[in-house]
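Here's the structure we're looking at; comments come further down.
The values are calculated or read from the model by the stated rules, or taken from the named source; none is laboratory data. In this text the structure is predicted, and so the values were computed from the model without any measurement. Counting neighbours? That spans all protein chains shown, and the Cβs are built from the backbone with ideal geometry, glycine included. When the accessible area is computed, the model is the full protein with side chains, heavy atoms only, and any ligands, DNA or RNA have been set aside. Shrake-Rupley method; radii C 1.70, N 1.55, O 1.52, S 1.80 Å.
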Amino acid sequence: MQPLFTADIVDPLIQRIENYNRLLKLIDLKCLEEGSCTLPLKVMANFLDVTHADISKWINKLIDFGIIEQVGSNHVYKRKSSEIDNPSLNRLIDLLRLFKDSPNLSFSLQAKALDISITELEYLFGMLIQIIES
């Protein structure tokens, strides 16, 4: 039986998650004193050398994941928690690498290999489905 998550599927997903992390780092670097980032989307796109549409999709996905929130009605964003409090994006990369390295592990062995609970693994799978659908 062929593994579902081969390198040609996993690698672009990892790249997408790394892009989310790049955007989070930019938001963190450009925060004002109260922790809000007021950079226009076009400026964010220029910083990261991507399109305005990419930034808009990434921000919406980070909002969906509960990692950032929009503050007010303008394009002002704020991180809801630190990476220490919410390591889910990096854990998701770990899960995808595990798929590549050990594609036949059971669900419980995946959780054990990542040193997380089954509930946390279920959450990561939920995030993964949302990323695949976008």
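If the cut-off is 16 Å between C-alpha atoms, which aspartates and glutamates fall inside it for LYS57, apart from same-chain ones fewer than 8 positions away?
List returned: GLU18, ASP49, GLU69, GLU133.
Which whole-number value in Å² is the accessible area per residue of the chain, probe 1.4 Å?
59 Å²
Which ³J(HN,Hα) values, rounded to whole Hz and listed in residue order, are derived for region 64-73 from phi using the Karplus coefficients 6.51, -1.76 and 1.60 in 6.51 cos²θ - 1.76 cosθ + 1.60 with θ = phi - 60°, glycine and proline given as x?
4, 6, x, 8, 10, 9, 7, 9, x, 8
Please compute the contact order of region 28-105 in relative form: average sequence separation of alpha-carbon pairs under 8 Å and at least six residues apart, divided by the residue count, as a percent. Intermediate values should be presented prior to the final figure.
Values: 61 pairs, mean separation 19.0, N = 78.
Across region 28-105, relative contact order equals 24 percent.
Tell me the carbon and sulfur percent of the accessible area for region 1-57, rounded to whole percent, probe radius 1.4 Å.
Carbon and sulfur atoms account for 57 percent of the accessible area of region 1-57.
How large is the charge dipole for the chain, taken about the Cα centre, if only the Cβ atoms of Lys, Arg (+1) and Asp, Glu (-1) carry charge, to the nearest 20 debye?
200 debye
Compute a Gaussian network model of the chain, connecting alpha carbons closer than 10 Å, and tell me which residue from ILE27, ILE118, ILE67 fluctuates the most.
ILE118
Find the relative contact order for the chain and round it to a whole percent, using C-alpha pairs within less than 8 Å whose residues are 6+ positions apart.
26 percent
Quickly estimate the mean residue ellipticity at 222 nm for the chain, helices only: each DSSP H run with n ≥ 4 gives -39500 (n - 2.57), and the total goes over all residues, rounded to 500.
-19500 deg cm²/dmol
Once region 83-134 is represented by equal point scatterers at the alpha-carbon sites, with solvent omitted, what log10 I(q)/I(0) does the Debye formula produce at q = 0.13 Å⁻¹?
Summing over Cα pairs of region 83-134 leads to -0.28.
Connecting C-alpha atoms closer than 10 Å in a GNM of the chain, tell me which of LEU23, LEU109, LEU39 has the biggest fluctuation.
Taking springs between Cα atoms under 10 Å, the residue moving most is LEU109.
Determine one quarter of the surface area of the Cα convex hull of region 6-134, which equals its mean projected area, and express it in nm² to one decimal.
8.2 nm²
Output the direction-averaged projected area (hull surface divided by four) of the convex hull of the alpha-carbon atoms of region 49-115, in nm².
Here the figure is 6.3 nm², rounded to one decimal.
Summing +1 for each Lys or Arg and -1 for each Asp or Glu, what net charge is found among the other residues whose Cβ lies under 13 Å from the Cβ of LYS100?
On the way: positive: ARG97; negative: ASP8, ASP11, ASP94, ASP101.
Here the charged neighbours net out to -3.
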